[in-house]
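Worksheet: one structure, shown below.
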Amino acid sequence: MCDGSSSWKESQLRNYDIPLKSVPKLSFDDPRVEQLISENKPVIITGSDLVYSASKWNLEYLEKHMESSTCTVIMSPNHIFKYFDEKAITPAMKNKFVPPTRKVSMKISDFSKRLNNWKSGEERLYLQQTLNNTVGPAIVQDFIKFRWDWITAIQKKMAWGPLTSNLLLIGMEGNVTPCHYDEQQNFFAQVKGWKRVILFSPEHYGCLYPHTVFHPHDRQSQVDFEKPDLNKFPRFEEVQGEEAIVGPGEVLYIPVYWWHHVESLLNGGYTVSINFWYKAGPTVDIIYPLQGHQKLAIMRNVEKMLIEALKDPEEVGSLFRAIVLGRYT
Ligand SMILES: CC[C@@H](CC(=O)C(=O)O)C(=O)O
Ligand SMILES: [Zn+2]
C-alpha cells in the first residue's frame with residue numbers, strides 16, 4: 001500500500017501498447033497555460049493552490065466531517081469502472097446490456113472500512129460523490145476556500161458556461177476509468193496519491209470507436225485497452241496518446257471532447273481527486289476547417305437526428321451505409 005512517498009515509479013503504470021508523449025507541465029502563472037487552454041489543449045498546472053484547502057482530505061478527515069452524509073460508491077468485480085447511463089437502458093436494451101458495475105449508497109466510514117479490509121478477488125470500490133451542501137460544515141468551509149478567484153478568472157476569460165458540478169473521487173489503487181470523453185470543460189485537481197491520465201484529441205474519434213449515442217455506454221470507447229480487438233477496431237493502431245501523471249496539488253485541464261483514460265497508480269494507496277466540470281462556451285465565429293471537437297459534436301447531432309427520425313436504432317446503421325458506401329468512400 002501507499003508508503004507516503006512523494007513520487008511514483010514506472011512499475012506503477014499499467015502496460016498498454018499505445019505511443020505516448022507527455023502533456024506539458026507548467027506553473028499556474030506561466031502565460032502558456034492560458035494559451036493552451038484557449039486552444040483546447042491539455043496542460044498540467046502546478047502551484048495553483050486550487051484545492052489547497054482540501055489537502056487534508058484523507059479518509060480519516062472525511063470520515064470525521066462527512067459522517068452524516070451518504071456517498072455514491074461504484075462497485076466493480078474487477079479494476080475497470082466503465083461508466084453507463086442507467087436511463088439509456090431501454091426495455092429493448094434490457095436483455096442486451098449487462099451493467100459492468102453497480103452503484104450503492106454508503107456512509108464514508110463504511111467505504112473506508114471496506115477499503116482497508118479489501119481482499120483480492122472481492123468487489124472493488126470507487127467513491128464518486130458530487131460535492132453539495134449536505135457534506136457537512138467543515139467540508140463546506142474547505143470548499144469555500146478553493147481558489148475560486150483563479151479558476152473563475154479562467155472561466156470568464158475562456159467564456160465557458162457555468163460550473164455544473166464538482167465530483168469527489170476516492171479510488172482504490174489500480175482502479176481504471178476507461179477511455180471516454182465528456183461534453184464539458186474539466187479542471188481535474190489531484191489531492192492525494194497519483195493518477196495517470198492518457199488523453200487523445202477529439203480527432204481520434206475514428207480510432208477509438210465510441211458506442212452509439214443511444215447506448216448506455218454513450219461517449220465511452222468500445223476498445224479494451226488491455227486486449228484491443230484489432231479485427232473489430234483496426235484503426236486503434238493509429239492512436240497517439242498524451243500522458244499526464246498528476247500528483248497532489250497538481251491540476252490537469254481536460255479539454256471538452258478530449259478522450260481520457262484515468263488510472264490510480266498501482267500500489268500507490270487510495271487516491272483522492274476533485275474535478276470541476278464547466279459547460280463549454282458557445283462557438284462564436286465558425287472558422288474552417290472545423291476543429292476535431294466541432295466535428296465530434298456534429299457527428300453526435302447527426303446520429304441523434306437519425307435515431308429521432310427512424311425511431312429504430314437498428315435502421316440507423318443501414319441508412320448510414322446506404323449514404324456512404326460506394327458514394328463517400
Ligand atoms: C469520473 C472518473 C474519472 C475522472 C474523469 O473521467 C473526469 O473527471 O472527467 C476518474 O478520475 O477516474
Ligand atoms: Zn471524464
Lysine pairs meeting the criterion (Cα under 28 Å, 8 or more apart or interchain), as found in segment 75-160: 16
For the chain, what is the charge dipole size about the Cα centre, in debye to the nearest 20, if Lys and Arg each add +1 at the Cβ and Asp and Glu each add -1 at the Cβ? 420 debye
Zero-based 20 Å bins, Cα pair distances in the chain, whole percents: 29, 59, 12, 0
Which is the longest stretch in the chain that no exposed loop site breaks, taking sites as trypsin sites (Lys or Arg not before Pro) with a DSSP loop state and at most 16 other Cβ atoms within 10 Å? 146-231
About the Cα centre, charge dipole magnitude for segment 102-186 (Lys/Arg +1, Asp/Glu -1 at Cβ), debye: 140 debye
222 nm [θ] for the chain, helices only, -39500 (n - 2.57) per DSSP H run of 4+, per residue, to 500? -7000 deg cm²/dmol
Please enumerate, by chain and number, the lysines with C-alpha under 21 Å from the C-alpha of Lys21, excluding those fewer than 8 residues away in the same chain. Lys9, Lys41, Lys195
Could you calculate, for segment 56-179, the ratio of the Cα radius of gyration to the Kirkwood radius, expressed as Rg to Rh? 1.03
Out of Gly171, Gly136, Leu266 - ranked by how far each Cα lies towards the positive end of the dipole of the chain, with unit charges on the beta-carbon of charged residues - the top one is Gly136
Note down the net charge around Pro313, summing +1 for each Lys or Arg and -1 for each Asp or Glu among other residues with Cβ under 13 Å from its Cβ. -3
About its Cα centre, how strong a charge dipole does segment 148-253 have in debye, to the nearest 20, once Lys and Arg get +1 and Asp and Glu get -1 at the Cβ? 260 debye
Glu183 label point, 7 Å along Cα→Cβ, cut-off 16 Å on backbone N: hits in segment 240-277? 256-259, 277
If each of Arg235 and Glu314 carries a label point 7 Å out from its Cα toward its Cβ, how far apart are those two points in nm? 2.7 nm
To two decimal places, what compactness ratio does segment 230-329 give when its Cα radius of gyration is scaled by 2.2 N^0.38 Å? 1.51
Excluding Met75 itself, calculate the net charge of residues whose Cβ lies under 11 Å from the Cβ of Met75, where each Lys or Arg counts +1 and each Asp or Glu counts -1. +2
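Laboratory data are not the source of any read-out in this text; all were calculated from the coordinates shown. Since the model is a prediction, treat every value here as computed from it, not as a measurement. Glycine also receives a Cβ, built like all others from the backbone with ideal geometry; neighbour counts cover every protein chain displayed.
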